[in-house]
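This report refers to the structure that appears directly beneath it.
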Amino acid sequence: MVGTQLRDTAQELAAVLWREHTVYRERSGGMVIRGEHVRRWISLAPAGGRDEILVRAGRILDGGTTAPARSEAVVPLSAGTSVLAATCRRLLADAAADASRPAPDRADTGRTRRSRRPRRSARRNGRRRHTGFSSWVILVCVAGVIALFAYTSAMNG
């Protein structure tokens, strides 16, 4: 029941949002509306509630692949096409604003924001520190195991 209602809602919503669009079913059972001419997509999927749908919006990248959703909202399915269209327009505006922001430098990707203070010099008191404490501990343990093996081999013959 929800699947057919979701499909019908997606068809109505697509006609309201864009003249040119493609509507198809996702593997998870949700519906996707693609607007190739505006390089955006909308996804409608059943949410946790009985009469709720999860609406997500994102961009279409070069080559036709889709970027992950940057914004989402939960809307009652019974709210009507006009409320759903208004929510979708807001989410699409958020996705467009996100696309206009400059991308972070490659060096900053995956890192948390920290103050930009210069790194401490590797030299301390004129000497470079090559091996850390934990490396020395590992080396001592390996040397101990080798010495123990040599000792037991010599004692047993």
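A quick yes/no check of all residues on (1) in a loop (DSSP other than H, G, I, E, B); (2) touching a Gly at 6+ places or on another chain (Cβ under 8 Å); (3) under 17 Å from residue 85 (Cβ atoms); (4) open to solvent by 30 Å² or more (accessible area, probe 1.4 Å):
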position: 11; (1), (2), (3), (4): no, no, yes, yes
position: 16; (1), (2), (3), (4): no, no, yes, yes
position: 19; (1), (2), (3), (4): yes, no, yes, yes
position: 29; (1), (2), (3), (4): yes, yes, no, no
position: 32; (1), (2), (3), (4): no, no, yes, no
position: 37; (1), (2), (3), (4): yes, no, no, yes
position: 44; (1), (2), (3), (4): no, yes, yes, no
position: 55; (1), (2), (3), (4): no, no, yes, no
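Among the numbered criteria (1) over 18 Å from residue 77 (Cα atoms); (2) under 20 Å from the mean Cα position of the chain (by Cα), which single criterion is violated by residue 36?
(2)
May I ask you to verify whether residue 66 is touching a residue at least 12 places away in the same chain (Cβ under 8 Å), open to solvent by 20 Å² or more (accessible area, probe 1.4 Å), touching an Asp or Glu at 6+ places or on another chain (Cβ under 6 Å) and not aliphatic (A, V, I, L, M)?
Taking the combined requirement at face value, the residue does not satisfy it.
For residue 71, are the conditions met, namely being hydroxyl-bearing (Ser, Thr, Tyr), at pLDDT 85 or above, within 18 Å of the chain's Cα centre (by Cα) and open to solvent by less than 80 Å² (accessible area, probe 1.4 Å)?
Values: hydroxyl-bearing (Ser, Thr, Tyr): yes; at pLDDT 85 or above: no; within 18 Å of the chain's Cα centre (by Cα): yes; open to solvent by less than 80 Å² (accessible area, probe 1.4 Å): yes.
Spelling it out, it is not the case that residue 71 is hydroxyl-bearing (Ser, Thr, Tyr), at pLDDT 85 or above, within 18 Å of the chain's Cα centre (by Cα) and open to solvent by less than 80 Å² (accessible area, probe 1.4 Å).
Could you tell me how many of the residues in segment 50-68 are within 15 Å of residue 31 (Cα to Cα) and over 16 Å from the mean Cα position of the chain (by Cα)?
Looking only at that region, the number is 4.
The values are calculated or read from the model by the stated rules, or taken from the named source; none is laboratory data. No experiment lies behind these values; they were computed from the predicted model shown. Please note: Cβ atoms are built from the backbone with ideal geometry, for glycine as well, and neighbour counts cover all protein chains shown. Note: accessible area is taken over every heavy atom of the protein model, side chains too, but ligands, DNA and RNA are not part of it. Shrake-Rupley method; radii C 1.70, N 1.55, O 1.52, S 1.80 Å.
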